[in-house]
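Notes to accompany the following structure.
The values are calculated or read from the model by the stated rules, or taken from the named source; none is laboratory data. This one's a predicted model, so the numbers in the text were calculated from it and none came from an experiment. With ideal geometry, Cβ positions are generated from the backbone for all residues, glycine too; neighbour counts draw on all protein chains shown. All accessible areas refer to the heavy atoms of the entire protein, side chains included, with ligands and DNA or RNA removed. Shrake-Rupley method; radii C 1.70, N 1.55, O 1.52, S 1.80 Å.
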Protein chains: 2
Amino acid sequence: MKLIPTAHNKTLMNLLCSCVLFSAVAGANALSEQQQAQMEQLKATSLNSDLSYQLIESLTTEVGPRLMGSEGDKKAVQWAVNKMKALGFDKVWTEEVTGTLWHRGQAEAQIIAPYPQKLVAIALGGSVGTGEQGITAEIAHFASLDELKAAPDNSLAGKIAFISKRMDRHIDGHGYGETVGARVNGASIAAQKGASAIIIRSIGTDNNRIAHTGVMRYQDGIAKVPAAAVSNPDADMLVNQLKREQAVKLYLKLTPSTDEKVKARSANVIGEITGSEFPEQIVAIGAHLDSWDVGTGALDDGMGVGIVMAAAHHIKALANRPKRTVRVILFAAEEVGLLGAQQYMIDHKDEIANHVIGAEWDFGTGGIYQMTTGMGPQALSATEELGKVLAPLGVKFIKENNAKAQSDMGMLSAAGMPSVNFAPDGSRYFDYHHTENDTLDKIEPEGLKQATAVYTLFSYFAANSAIDFSK
Amino acid sequence: MKLIPTAHNKTLMNLLCSCVLFSAVAGANALSEQQQAQMEQLKATSLNSDLSYQLIESLTTEVGPRLMGSEGDKKAVQWAVNKMKALGFDKVWTEEVTGTLWHRGQAEAQIIAPYPQKLVAIALGGSVGTGEQGITAEIAHFASLDELKAAPDNSLAGKIAFISKRMDRHIDGHGYGETVGARVNGASIAAQKGASAIIIRSIGTDNNRIAHTGVMRYQDGIAKVPAAAVSNPDADMLVNQLKREQAVKLYLKLTPSTDEKVKARSANVIGEITGSEFPEQIVAIGAHLDSWDVGTGALDDGMGVGIVMAAAHHIKALANRPKRTVRVILFAAEEVGLLGAQQYMIDHKDEIANHVIGAEWDFGTGGIYQMTTGMGPQALSATEELGKVLAPLGVKFIKENNAKAQSDMGMLSAAGMPSVNFAPDGSRYFDYHHTENDTLDKIEPEGLKQATAVYTLFSYFAANSAIDFSK
């Protein structure tokens, strides 16, 4: 256990008692027989419940898109507070997160020559605009970000850079890491070479005429140029016109804007099932509440919101409450740069060590096939007991033990929090990620039930065993 | 054979010679051994050629969308003429087709209450507009067109009718016939009940946030009300909000328009490989050249255009030309109501009986799995020889013998033309049909090669055998 001395004697006593108990059962099971039976009961309950689906349905139907600072975001915060209260959480509160509000505006892209055709485009998150008049310029084509980096300085003067590298489909989504640099860093690199704008092939694995947005960043000291993504079929179209070996001219109009003067307000929403013996010890399960302004954020990250809220509720519904506290953290402003997680690290800087273990859900559409960990070696061994409970659900326990929590909670992992990473099937996740197509129908109910069961069982196990996950 | 007397003695002589030959080989094969060998050669050639794909790539890249009467349509006609000439067709010509030009304008749909959300919508083809101010009204929900028909008169006054029936996925696409009535006839039925507009769930099998357009018709004497489709995920959203049992209010703005005063001009494009012995006898293979104004018309019907043009080219490329003429007909204005086919029936009224057999391609994404026919009983028996050549390609010959040709050519079938209908895998066709998503990437190259081979072999067989398909 990660023991945090407190001034509260009763708690300290509990901790000491627990240590004695832990010593007494060294080498035995982490959970008592009664607890093991309760795990089986919880497995059946959570596998048969559609609570997580109902939560996602409610969030996507009644709130919808919820970009940090937007009206939808404010509604989402209120929605989460209300739902946590209705679900019987012991404590529910919000912690303010501030940032800037970016407005998407309009996007228009057309090939002007040699063969005029409309392109489906979307501004990247945080991009500056072209002005109402737009930009008309010749395309300079690069097969990858590396090719763009290799272009001579000033070679792109008066041109629009175009990166056509396609993201590959993998169960673990690793094609994202191989391509997303074009989205995040492409604009400044293109600007450094003199380009007046950049368009990229959408970072997505689908073939839909829907472009993928996502955050981009400008480097200090380099001119800010407009940045957009075109859908995969439109990127194909551009490549096919470029194959004709004539100059391809593009018209691009983007009208996003950022309210620099107005502080955008949002909040991390936190709810707890308070531990009966070690209330200050936190088993943290998280997701992010915000989404992009396109789609209804069903997969990203309504699914995570539904899973962790339902998991806590299933544990709360048991006759006896968990020994440690189960804390559900719904982070604000993940999409625009992990602002909620950063604020959480500030707000809870004196309490980070109390987070005895944590896991987030922010990836995947299907069921979980793998559990990896980042914890102490003794804890790894003791966690095999959880592994055995999850194995019949199709979850393989991989003991490389170098994992971090996903997304926001990766910050807590980096600060030393023992972590678990549940790997779901992400083969189709990037078909929908950051698009208008991220809607309720993309949720796979059976995979969702299994994932909810896994988070429920993990939370119960971590909150009721006496394992010190740091050791 | 469907013998058409001509004034040309040589041709008549050829016909007579052929009849003698036919009598001499009664009960024998329809094709000589040499011709059978040529069929095998043609099979290999067409299965190894990507000509049909290259034609579709060219049409979608260099022309793109081509709604009847639009600039794209004019370019498509010129494209087809140029390509047919380049492919070595013996005769290439156009026949004017006229109609009215409909402009799509903008579509905007939003749920106003109880939970404001944007909906992805598209005007149905031919719809009137709402005016710039749009319409705000309560939704009246019907699970099907039949439910709407059963609504009492005037019960929809001041409301927007919404039909939520979903199209089912089937290999033969028959879910389309079960649902498309809502699109074609829904507006006038809703107007008859007093509705101020209608929206329907897209007639499509996908779950993409892309709505499906398609033609609709107004009944005479009933007020014309605006008609739109929303994407499947948006229809789900509407249904989910309606489940909350509060009034659901919608804002709908559509700004389409029709140039009633200006005659829109297009053309059927026709090309022939002239028969060596019976040039007046026509083996007709067809597709339609126009498309909707969304997408690039790759599947609908660029695929058909590519298949029939390539088939004729493969036959032309043989050392000896076919005995009968192979005529490729690229119909104009299919989407807006078979205007090209209607014009063809007028222009060729004295020649219909010369069309000894015909087939069109206007459905499906994958390879052909089935051949059905509508021909005379003797011809059916003789056509088994073709069936045997196609069987190794996975094509089953179904002898129910009541088929018509697809789409435009269905008019020729109705006028007595013996017909063949090749059934391709259409399981995914209605994922893309009439949407922005109908783009080149949806073409399955292997299925396309097989389909091109089948049309090539059919055309060769029909043009070189002496079968009278009407008998």
Relative contact order of the range B:201-335, pairs being alpha-carbon contacts under 8 Å that are 6 or more residues apart, as %: 28
Expressed in angstrom and rounded, the centroid-to-centroid distance over alpha carbons for the range A:38-110 and the range A:292-336 is 8
Find out how many positive minus negative residues lie around B:THR98, taking Lys and Arg as positive, Asp and Glu as negative, among other residues whose Cβ is under 14 Å from that of B:THR98. -3
Could you grab the relative contact order for chain B? Cα pairs under 8 Å, six or more apart, rounded to a whole percent. 23
Solvent-accessible area buried by pairing B with A, both sides, nearest 100 square angstrom, 1.4 angstrom probe: 2300
Other chains' Cβ within 10 Å of B:109-119 residues: what's the mean? 3
About the Cα centre, charge dipole magnitude for the range A:197-275 (Lys/Arg +1, Asp/Glu -1 at Cβ), debye: 300
Around A:GLU444 (Cβ within 12 Å, Cβ-to-Cβ, excluding A:GLU444; K/R +1, D/E -1) the net charge comes to 0
Cα centroid of the range A:148-227 to Cα centroid of the range A:229-268, whole Å: 10
Using helices alone, what [θ] at 222 nm do you get for the protein assembly as shown, with -39,500 (n - 2.57) per DSSP H run of 4 or more residues, divided over all residues and rounded to the nearest 500? -10500 deg cm²/dmol
Nearest 10 degrees, 0 to 90: helix A:33-48 Cα axis against chain A principal axis: 40
Provide an ascending nm list, one decimal, of label-point separations from A:LYS388 to the equivalent residue in each further copy; define each label point as 7 Å from Cα along Cα→Cβ. 6.8
Kirkwood Rh over Cα pairs of the protein assembly as shown into Stokes-Einstein at 25 °C, 0.890 mPa s: D in µm²/s? 79
Which is farthest toward the positive dipole end of the range B:105-255 among B:THR255, B:PRO116, B:SER164, measuring Cα position about the Cα centre, with Cβ charges +1 (Lys, Arg) and -1 (Asp, Glu)? B:PRO116
Please give the helix A:71-86 orientation as an angle from the longest Cα principal axis of chain A, in degrees from 0 to 90, rounded to the nearest 10. 10
Helix B:232-242 against the longest principal axis of chain B: what's the angle in degrees, Cα atoms only, rounded to the nearest 10? 30
Keeping all protein chains in place, calculate the accessible area per residue for the protein assembly as shown (probe 1.4 angstrom), answer in Å². 36
As an exercise, identify the trypsin sites (Lys or Arg not before Pro) in the range B:329-411 lying in DSSP coil whose Cβ has no more than 10 other Cβ atoms within 10 Å. B:LYS349
Selected from A:ALA359, A:ALA414, A:ALA80, residue furthest toward positive end of dipole (the protein assembly as shown; charges at beta carbon): A:ALA80
Of A:LYS83/A:LYS224; A:LYS316/A:LYS471; A:LYS442/B:LYS253; A:LYS74/B:LYS193; A:LYS442/B:LYS449, which ones are farther than 31 Å apart at the Cα? A:LYS83/A:LYS224; A:LYS74/B:LYS193; A:LYS442/B:LYS449
Across the identical copies, how the B:ASP347 labels are spaced - nm, sorted shortest first, 7 Å along Cα→Cβ: 7.2
Cβ charges +1 (Lys, Arg) and -1 (Asp, Glu), total dipole of the protein assembly as shown, debye: 220
Roughly how big is chain A's charge dipole about its Cα centre, with Cβ charges of +1 (Lys, Arg) and -1 (Asp, Glu), in debye to the nearest 20? 280
Longest exposed-site-free window of chain B, the sites being GluC sites (Glu not before Pro) in a DSSP loop that have at most 12 other C-beta atoms within 10 Å: B:1-131
Find every distance from the label point of B:GLN246 to the corresponding label point in the other copies (7 Å from Cα along Cα→Cβ) and write them in nm, one decimal, shortest first. 5.5
Applied in sequence order to the range B:430-442, the curve 6.51 cos²θ - 1.76 cosθ + 1.60 (Karplus, θ = phi - 60°) yields integer Hz couplings, x standing for Gly and Pro, of 7, 6, 10, 3, 6, 10, 4, 7, 7, 10, 3, 4, 7
At a 1.4 Å probe, what is the % contribution of carbon and sulfur to the accessible area of chain A? 51
Mean separation of Cα pairs under 8 Å and 6+ residues apart, divided by the residue count of the range B:105-255: what relative contact order is that in percent? 39
Select the chain B residue whose beta carbon lies nearest to the rotation axis carrying chain B onto chain A, and write the distance in whole Å. B:ASN208, 3
Dipole of chain A (Lys/Arg Cβ +1, Asp/Glu Cβ -1, origin at the Cα centre): which of A:MET303, A:ALA319, A:GLN106 lies farthest to the positive side? A:GLN106
Counting Lys and Arg as +1 and Asp and Glu as -1 over every other residue whose Cβ sits under 12 Å from the Cβ of A:ASN185, the net charge comes to +2
